[in-house]
Amino acid sequence: MMSEPGVTGTPPARLSVGLISAGRVGTAVGAALESRGHVVSAVVARSGQSRDLAVRRLPEARVADPAAVAGSCELLVLAVPDTALPGVVDELAAAGAFRPGHIVVHVAGAVGADVLRPAADAGAVVVAAHPAMTFTGGDSDVERMEGCSWALTAPDETGLVVGQMLVMETGGHPVTVAESDRALYHSALAHGANHLVTLVNDAAEALASSFAVLPGGGVEGDPDGVPGADARVLARRTLAPLLEAALTNALDSGDAALTGPVMRGDAVTVSRHLDALEQVDGGIADGYRALALRTADRCDAGRDVTDLLAPDLSEQLR
């Protein structure tokens, strides 16, 4: 077992870990823990994808039902979706699966530690520990956890200390988020990461539509000159260095990294953009308009751009 949590003391080299369930996040967390000497002894893996991930990432773990997994471990990791978590906790509590000395961790983002109250009432040390990372099921998932921040929420200092120790063992950085702020924390991550994917894909689709297709089926400007080359591949290749630079600049400089027509107050160019995007996909144009309006607000772009993007709003402000 882990030494009595406190400011002093370190965990032993090996903890027996149970995992519910063996999805993309859970198996990545389990593999990260195993890389530090802990052992994932049992997992819940109900879907074909979960079983495949468990075999690939945690080949020594046996597959069992939730109560059996909980009963076999010292550290229980609940890696189920936010909406499913209360039901899983209630199921385990009804089965008497929680016990004194148990360490129970969930990795859901928008939910704090209150959902683990049945485990705490049974004497377990509990903590909500969410890794601020996106998981796809690929080989890079585990590598990306090195240096990843984790949001910790616990009902007491003991839980926080245990969570900090576990996170640092995976190579991560612990940060504390209050129970009341978990939804805000998670919304910020979703807005930045999930919506970034939509933004990039919209940009790539519009860019691909702008490329001239050669008579032989290739795309003009394709450096490989491959007949039938997909314009979307070239679009992503074109966007990659630009987006990487923009992201780096934004993280380093905040709003000072803004460039482009909205920042310059160039309503004529913004209008041309909207007209062109409407020809490709009205949804992309709507997304551009919404983000351009937010950009105009952040950089105080001026009345010309605001009038173009939101005439009703501008009229109210007059």
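May I ask you to list the residues in segment 113-140 that are over 16 Å from the mean Cα position of the chain (by Cα), crowded, with 21+ Cβ neighbours inside 10 Å and of a type outside the set (A, V, I, L, M)? Of everything in segment 113-140, nothing turns out to be over 16 Å from the mean Cα position of the chain (by Cα), crowded, with 21+ Cβ neighbours inside 10 Å and of a type outside the set (A, V, I, L, M). No other residue among Leu291, Leu277 is modelled with pLDDT of 95 or more, within 24 Å of Ala193 (Cα to Cα) and under 25 Å from the mean Cα position of the chain (by Cα) apart from Leu291. From the list Thr83, Thr27, the one residue that fits, being crowded, with 21+ Cβ neighbours inside 10 Å and either in contact (Cβ under 8 Å) with a residue 24 or more places away in the chain or within 26 Å of the chain's Cα centre (by Cα) (or both), is Thr27. Number of residues in segment 141-165 that are in a helix (DSSP H, G or I), open to solvent by less than 40 Å² (accessible area, probe 1.4 Å) and within 26 Å of Asp52 (Cβ to Cβ) equals 1. Can Asp304 be described as without any contact (Cβ under 8 Å) to a residue 12 or more places away in the chain, assigned to a helix (DSSP H, G or I), open to solvent by 60 Å² or more (accessible area, probe 1.4 Å) and within 23 Å of Asp255 (Cα to Cα)? Here the answer is no, as Asp304 does not meet what is asked.
Conditions (1) open to solvent by less than 70 Å² (accessible area, probe 1.4 Å); (2) within 16 Å of Ala108 (Cβ to Cβ); (3) in contact (Cβ under 8 Å) with a residue 24 or more places away in the chain; (4) not aromatic (Phe, Trp, Tyr), marked per residue:
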{"site": "His173", "(1), (2), (3), (4)": "no, no, yes, yes"}
{"site": "Thr176", "(1), (2), (3), (4)": "no, no, yes, yes"}
{"site": "His186", "(1), (2), (3), (4)": "yes, yes, yes, yes"}
{"site": "Leu189", "(1), (2), (3), (4)": "yes, yes, yes, yes"}
{"site": "His195", "(1), (2), (3), (4)": "no, no, no, yes"}
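All conditions but one from (1) open to solvent by less than 30 Å² (accessible area, probe 1.4 Å); (2) within 20 Å of Val200 (Cβ to Cβ); (3) touching a residue at least 24 places away in the same chain (Cβ under 8 Å) apply to Ala285; the one that does not is (3). Got at least one residue in segment 41-64 being in contact with a helix residue (DSSP H, G or I) (Cβ under 9 Å, 6 or more places away or on another chain), crowded, with 20+ Cβ neighbours inside 10 Å and β-branched (Val, Ile, Thr)? Checked segment 41-64: at least one residue is in contact with a helix residue (DSSP H, G or I) (Cβ under 9 Å, 6 or more places away or on another chain), crowded, with 20+ Cβ neighbours inside 10 Å and β-branched (Val, Ile, Thr).
The values are calculated or read from the model by the stated rules, or taken from the named source; none is laboratory data. Please read these numbers as outputs of a predicted model, since none were measured by experiment. Note that each Cβ is placed from the backbone with ideal geometry, even for glycine, and that neighbours are counted across all protein chains shown. For the accessible areas, the whole protein counts, side chains as well, though only heavy atoms, and no ligand, DNA or RNA atoms are used. Shrake-Rupley method; radii C 1.70, N 1.55, O 1.52, S 1.80 Å.
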